[in-house]
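The values are calculated or read from the model by the stated rules, or taken from the named source; none is laboratory data. Predicted model, so just to flag it, every value in this text is computed and none were measured. Heads up, the Cβs are rebuilt from the backbone with ideal geometry, glycines too, and the neighbour counts pull from every protein chain shown. Ligands, DNA and RNA are stripped out before the accessible areas are found, and what is left, the full protein with its side chains, is counted by its heavy atoms. Shrake-Rupley method; radii C 1.70, N 1.55, O 1.52, S 1.80 Å.
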Amino acid sequence: MSVGWLRACALVMLGLFSVSALAKDKTAIVIGGGLSGLTAAYELQNKGWQVTLLEARSSLGGRSGMATSEWIGNDKTQPVLNQYVSTFKLSTTPAPEFVRTPSYLIDGEYFSAADLATKQPATAEALKRFEKTRDDLARSIDDPQNPIASSTLQALDQINVSNWLDKQNLPATARQLINQDIRTHYDEPSRLSMLYYAQQSRVYRGVSDRDLRASRLVGGSPVLAQAFVKQLKTIKTDSPVSAIIQDKDGVTVKVGSVGYQADYVVLAVPLRALNKIQMTPALDAQHLAAIKGTNYGWRDQIMLKFKTPVWETKARMTGEIYSNTGLGMLWIEPALKGGANVVINLSGDNARVMQAFGDKQMADQVLIRLHAFYPQARGSFTGYEIRRYSTDPSTGGAYLAFGPGQISKFWRLWERPIQRVAFAGEHTDTLYPGTLEGALRTGKRAASQVEDLAAGKSFEPAKAATAAAAGAVAAKKGNFFSNLFGGSADEKKPEPVKAPEPAVAPAPTPAPAPAAAPAPVEPPKPAAPVKAEPAKKAPAKAPAKPAAKTETKKAPAKAPVKKAETAKKPAVKPATETVTKAQ
Ligand SMILES: Cc1cc2nc3c(=O)[nH]c(=O)nc-3n(C[C@H](O)[C@H](O)[C@H](O)COP(=O)(O)OP(=O)(O)OC[C@H]3O[C@@H](n4cnc5c(N)ncnc54)[C@H](O)[C@@H]3O)c2cc1C
């Protein structure tokens with residue numbers, strides 16, 4: 001045997017050993033199959049890691065919204081999202097002009113921004129004045145990644161947005177519309193840190209609405225989730241993680257009595273869900289306080305389905321529409337499957353109080369209000385879908401929305417790994433929390449942190465921001481029905497607000513029908529009704545079909561990830577079909 005041949009054999013052997021050694025060393029578990037977890041799993045797998053993704057529910061995609069064909073920003077505003085859209089060759093179509101700017105529904109009358117300027121100049125002018133004041137404030141934040149750069153900015157974290165708005169002397173309608181905008185995108189103004197609102201305004205300063213709604217992702221965000229799912233080798237659905245145990249050699253992740261082992265973990269679940277996972281060693285006091293205390297916005301979505309677009313007779317409604325009547329942002333869906341849909345976002349305290357209603361009651365109440373404006377509504381109504389993110393135990397809120405004092409305490413806390421666990425999820429992003437972009441960015445960041453950890457890099461422990469302790473904020477109590485018809489009580493009677501609460505439904509409030517309300521509407525049985533029982537059923541706009549039936553029960557008490565059977569690649573389901581488990 002020649003020396004060259006021996007050398008070649010040796011190299012091959014070395015190569016094989018090093019590959020297998022590498023593979024042996026590079027195992028990761030991703031917990032949470034929302035877009036952040038899917039991204040982390042995809043990125044790690046692409047870098048040669050053996051990845052197992054564990055998802056509590058039977059379906060993947062997490063909070064990706066109900067809309068079946070979302071508008072997305074261009075690559076200037078959402079670069080990471082656009083990068084994946086292009087990687088997976090997903091279809092988009094340019095947004096028509098009329099959806100690219102917000103419009104308004106004031107006392108039932110539809111106004112485009114241009115209409116408002118001519119027909120309601122006082123309101124239009126007040127909105128402009130408010131935007132300028134807000135933008136000036138945002139400009140005082142040099143670096144949105146470091147918003148607590150001065151004592152003035154620290155002070156902003158101690159007040160809520162409602163208090164700040166009170167000082168702007170806005171006319172009633174303008175204030176109602178502004179409240180509606182803020183509660184739709186974040187949370188009730190009275191529960192939101194003014195610094196957080198200013199920081200987010202800084203992030204989006206100079207970004208036009210036109211850039212934010214530049215094109216349509218055909219099929220919506222579930223299509224993006226499905227594209228990731230198709231690439232992933234090992235996915236286990238119906239696998240709610242109950243415990244994570246770290247030691248010097250690795251991490252054990254428990255799903256009931258089954259244990260999975262790996263070198264590193266990406267924890268991509270919202271804070272309320274993280275609260276239910278037992279961590280060993282335990283998290284420190286600051287992390288525990290953040291889990292319990294960080295405010296999440298409330299935003300529930302109701303899709304009302306009609307045979308024909310009942311609103312067409314009065315106005316063309318589409319895109320983001322802010323109403324002064326408490327109906328929240330309206331979003332007219334394209335009639336992809338025939339008929340016409342309107343997605344109504346109930347946000348902030350309106351959504352909180354609505355938790356006292358059952359699904360049908362809630363749909364009825366909203367339909368009654370729409371019918372008041374559009375008398376064909378009841379006759380054309382065919383059914384509804386509801387998603388309640390804040391009472392869903394695997395979500396516990398719509399998205400992160402820092403309350404007063406919370407930036408000072410928890411800023412960038414989840415950006416740093418703790419030993420072998422890196423964190424992902426929209427709530428861990430500094431610039432774009434509460435968005436798809438934020439979720440995707442954090443998935444990428446967590447994947448690269450796991451690589452760094454494997455390479456021996458250590459991360460500094462998180463430090464609290466240096467602001468003063470959160471000031472006490474007192475309570476604002478709104479009457480839901482007065483809010484629903486006339487905007488929040490906070491429009492009329494500025495009162496101090498209570499400290500932001502965790503996602504707990506308020507005490508049930510009786511649901512009196514308004515005096516002039518039409519008879520309760522009996523929704524005919526829709527073809528595929530999707531009731532909001534998030535923990536049990538697949539979401540309405542079902543993400544990708546899950547992997548083959550989970551093997552959690554059969555799995556041995558210690559089921560090393562490396563030996564875990566590769567789940568079948570989940571088939572892609574149409575966005576609105578109910579997902580059933582593969583056999
Ligand atoms: C009503 C609404 C409208 C929105 N509209 C937009 C929009 O127009 N544009 C935009 O960019 N963004 C929007 N967003 C935000 C966007 O949807 C989210 O930021 C994003 O989907 C969050 O992804 P994530 O991976 O961080 O979390 P999630 O999607 O919540 O994923 C977390 C996953 O973890 C799972 N999980 C929880 N606990 C466990 C456990 N113990 N074990 C295993 N798995 C667990 C959950 O089931 C879930 O699948 C909207 C959100 C809502 C609620």
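Please work out if Y374 is within 16 Å of the ligand (Cβ to nearest atom) and within 21 Å of K307 (Cα to Cα). When the stated conditions are applied, Y374 does not pass them.
Among the residues of the stretch 234-250, those identified as touching an Asp or Glu at 6+ places or on another chain (Cβ under 9 Å) and either surrounded by fewer than 22 Cβ atoms within 10 Å (Cβ to Cβ) or free of Cβ contacts under 8 Å to residues at least 60 places away in the same chain (or both) are T234, D238, P240, D249, G250.
Scanning the stretch 103-122 for residues that are assigned to a strand (DSSP E or B) and open to solvent by 40 Å² or more (accessible area, probe 1.4 Å) turns up E109, Y110.
If the condition is being away from the ligand (no atom under 12 Å from the Cβ) and in contact (Cβ under 8 Å) with a residue 12 or more places away in the chain, then the stretch 68-78 contributes T68, N74, K76.
Each row is one residue, and each column tells you yes or no for (1) within 16 Å of the ligand (Cβ to nearest atom); (2) crowded, with 22+ Cβ neighbours inside 10 Å; (3) part of a loop (DSSP other than H, G, I, E, B).
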residue	(1), (2), (3)
V51	yes, yes, no
G62	yes, yes, yes
V85	yes, no, no
T101	yes, no, yes
A124	no, no, no
K132	no, no, no
D136	no, no, no
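In the stretch 148-166, the residue that is surrounded by the most Cβ atoms within 10 Å (Cβ to Cβ) out of those that are at pLDDT below 95 and part of a loop (DSSP other than H, G, I, E, B) is I148.
Applying the condition of being modelled with pLDDT under 80 and assigned to a loop (DSSP other than H, G, I, E, B) to the stretch 64-74 and asking which residue is surrounded by the most Cβ atoms within 10 Å (Cβ to Cβ) yields M66. Screening the stretch 187-291 for helices (runs of 4 or more DSSP H) wholly inside it with 2 or more residues that are outside the structural domain of A95 (by TED's automatic domain parsing) returns the ranges 221-231, 271-274. Can you tell me how many residues in the stretch 392-404 are within 12 Å of the ligand (Cβ to nearest atom) and either part of a loop (DSSP other than H, G, I, E, B) or buried (at least 24 other Cβ atoms within 10 Å of the Cβ) (or both)? Within the stretch 392-404, residues that are within 12 Å of the ligand (Cβ to nearest atom) and either part of a loop (DSSP other than H, G, I, E, B) or buried (at least 24 other Cβ atoms within 10 Å of the Cβ) (or both) number 9. Taking the criterion of being of a type in the set (V, I, T) and in contact with a strand residue (DSSP E or B) (Cβ under 7 Å, 6 or more places away or on another chain), the only residue of the stretch 414-439 that qualifies is V421.
Taken over the stretch 426-454, the criterion of being within 12 Å of the ligand (Cβ to nearest atom) and either of a type in the set (G, A, S) or not in a helix (DSSP H, G or I) (or both) is satisfied by D429, Y432, P433, G434, T435, G438, A439, G443, A446.
Modelled with pLDDT of 95 or more and of a type in the set (V, I, T) - does that describe any residue in the stretch 207-214?
As a first pass, look at the stretch 207-214 and keep what is modelled with pLDDT of 95 or more: none.
No: the stretch 207-214 contains no residue that is modelled with pLDDT of 95 or more and of a type in the set (V, I, T).
The set of residues in the stretch 406-425 that are more than 16 Å from the ligand (Cβ to nearest atom) and hydrophobic (A, V, I, L, M, F, W, C) comprises I407, F410, W411, I418.
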